[in-house]
Amino acid sequence: MHFKGFLLYFVCLVILLSSNCDRGKDKYDYDEALRRVVTVQKLQNFNPGDPAVVPQMSAIIDSMSNDGKDACYFGAVNVLIDRLFSDDRFSEADSLAVRMQQEAIHENDSLSIAMSKRVRAQILYKLSQSTRALEEIISAIPYVTEPLKSNTHFGTATSLQEWTHIIAQDNPDSSLIRKAGKTYADLVKRFSSENSWTDPTAHYPVTSLAFEAENALFDKSIKQAAILLDSASKLINPNLPARAYEHFFNTRANFRMIIGNYDGALADVDTLLQTHRSFPWFYLRDLQLKAEIENEAGLHEESAKTYSKYIAYHDSVSSILTDRRLNDLTLLYRSELNKEERRTHRIRLIGLGSVTLLLLILLAATVKFTLAERKRNRLLVERLHENDLVEQTLFKSISEDNKTSNKISDILRLDKHMITDRPYTDPALSRKELAEFLGISQDTLAQMIRNERNCSVHSYINSFRTEEARRILDSDSEISIADIASSLGFGTARTLQRAFKERFDMTPSQYRTASNDIRKN
């Protein structure tokens, strides 16, 4: 018979009576709810393998649902899920667990949410999805905020830690196994002390001591582990199935292997194998442990046979899953795949939507910036055109004045030379050629340009080049920027762009666009 059938039979009445279903119901409602949930539990306990039991349990739970979804109702649902689970009806158990979780969330019943998550973790574990099972069981633990509030809270909290311990054994990190065992033991000690409670089955104290002994073995405290295991062995009720004390036999088998008591270790493993013969997931783990003990004992031939049995049993389990449970497992597996696909699809949609929104925002910002920049560029070009008229008038006036006085200043002579003769088209033009034109030294030329035009000789030359480039761009010519740069002595288009940007705060292309916009308007 399933472990739940024996253990819960003894503790069910104690749990329900002490917790009062965790609700303030009146005497009549409470008695009726208690009668129904105990009936459901008895159907589970005394009718293993009977397919007619599930409809009976479902009918009772439906009647409880009509009176309100309280802790008694959710406790009964949990028993039904366990039954479906033990009957390998995984998809039905999973579907009911999901419904239970949704109902618990609707009723704001955190304890029942934890129960439903535990059941889903068990299902995932049976499907060999240990990582997801571990995530599910760990996510359930925070929902039991007051583990010592009642027997129901205590039972749920310890069950979560026990299953965390079981599932975590597939994880190479032993810290989670140690933590779950310690938490379980602490809960048992505190609950027993604060409530003067004694477990009639001794399942809780024996399991608690087994977990403490296991942690002592992790710490290589062999003597402490021996004391704890000896204390646990004295509490075991021989009238109960070994399934109630499976953690004890597992820990003692490891302990006996460490101290060299291989016969005792093999006896404990054989007890586990007998206990787990209907639980292939645990049975396979027991076979591995037996092969390891036999190898340590020097029984290499026996170890090889046990490992061969492990391989054969593993294959047979796969065959059983294929032949007897394929449809049910396929439905659940497809359900899990669909959930994963929906989750992935949702994440992709959210990601795609976020990227699209970001691109739209960037596009809108770019368009806005581009429009604002084009407007600014048009204003700059208009001002440059206005300045052209003012400078032309001023230059003409100064030239006329100098003609009247029969004297032209060196800077104006140089300006006129640059405008008329266009020496700047020569990429090699430097201060040497300009100084020779005026008949002055290079230093005098540089000082004059600095005083009169407030720039270096190089910048002075480039100012005429960029002004001529601007004139060409204003002419609506199709000449390329590279050709303009080459014809004006810049050498490369990049050099022209850098000088043009520095002088007019826009690139040649932007200037051409703004100039065309003004012309069209």
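Taking Cα atoms only, the orientation of helix 222-233 departs from the longest principal axis of the chain by about 50 degrees. Taking Lys and Arg as +1 and Asp and Glu as -1, the other residues whose beta-carbon sits under 14 Å from that of His106 total -2.
Just want to confirm a number: the relative contact order over the chain, from Cα pairs under 8 angstrom separated by 6+ residues, in percent.
Details: 514 pairs, mean separation 40.0, N = 521.
Normalised by residue count, the contact order of the chain is 8 percent.
Distance between the modelled labels on Thr425 and Glu302, one decimal in nanometres: 10.7 nm (7 Å Cα→Cβ projection).
If I fit a long axis through the Cα atoms of helix 262-275 and take the longest principal axis of the Cα atoms of the chain, what angle between them do I get, 0 to 90°, rounded to 10? Orientation of helix 262-275: about 90 degrees from the principal axis.
Electrostatic bookkeeping for Thr370 treats Lys and Arg as +1 and Asp and Glu as -1; over the other residues with beta carbon under 13 Å from its beta carbon, the sum is +3. The string of couplings for the stretch 44-51 from the Karplus curve (6.51, -1.76, 1.60, θ = phi - 60°) is 5, 5, 9, 9, x, x, 8, x Hz, one whole number per residue in order, with x for Gly and Pro. If the segment from Arg519 to Arg346 were pulled out straight at 0.36 nm per residue, it would be longer than the present Cα-Cα gap by 57.1 nm. Taking packing as the residue-averaged number of other Cβ atoms within 10 angstrom, the listed peptides 229-235, 81-87, 419-425 run from highest to lowest as 81-87, 229-235, 419-425.
Helix 71-86 axis versus longest C-alpha principal axis of the chain: approximately 80°, rounded to the nearest ten. Taking other C-beta atoms within 10 angstrom as a stand-in for reagent exposure, Trp163, Trp281 fall in the order Trp281, Trp163, fewest first.
Please label the shape of the stretch 103-207 as rounded, prolate or oblate, based on the square roots a ≥ b ≥ c of the eigenvalues of the alpha-carbon gyration tensor (a/c under 1.5 means rounded; beyond that, a/b larger than b/c means prolate, else oblate). Provide the component values of the computation, followed by the final result.
Working: a/c = 2.11, a/b = 1.21, b/c = 1.74.
Oblate shape, in that a/c is at least 1.5 and b/c is the bigger or equal ratio.
Just want the answer: with Cβ charges of +1 for Lys and Arg and -1 for Asp and Glu, which residue in Thr513, Ser463, Thr366 is farthest toward the dipole's positive end in the chain? Projecting each Cα onto the dipole axis, the largest value belongs to Ser463.
Net charge near Met448: determine it from the other residues with C-beta under 13 Å of the C-beta of Met448, scoring Lys and Arg +1 and Asp and Glu -1. Once all neighbours under 13 Å are counted, the net charge is 0.
FYI, it's all coordinate maths here, none of it is from the lab. Because the structure is predicted, anything quoted here is derived from the model rather than measured. Cβ atoms come from the backbone with ideal geometry, glycine included; neighbour counts cover every protein chain shown.
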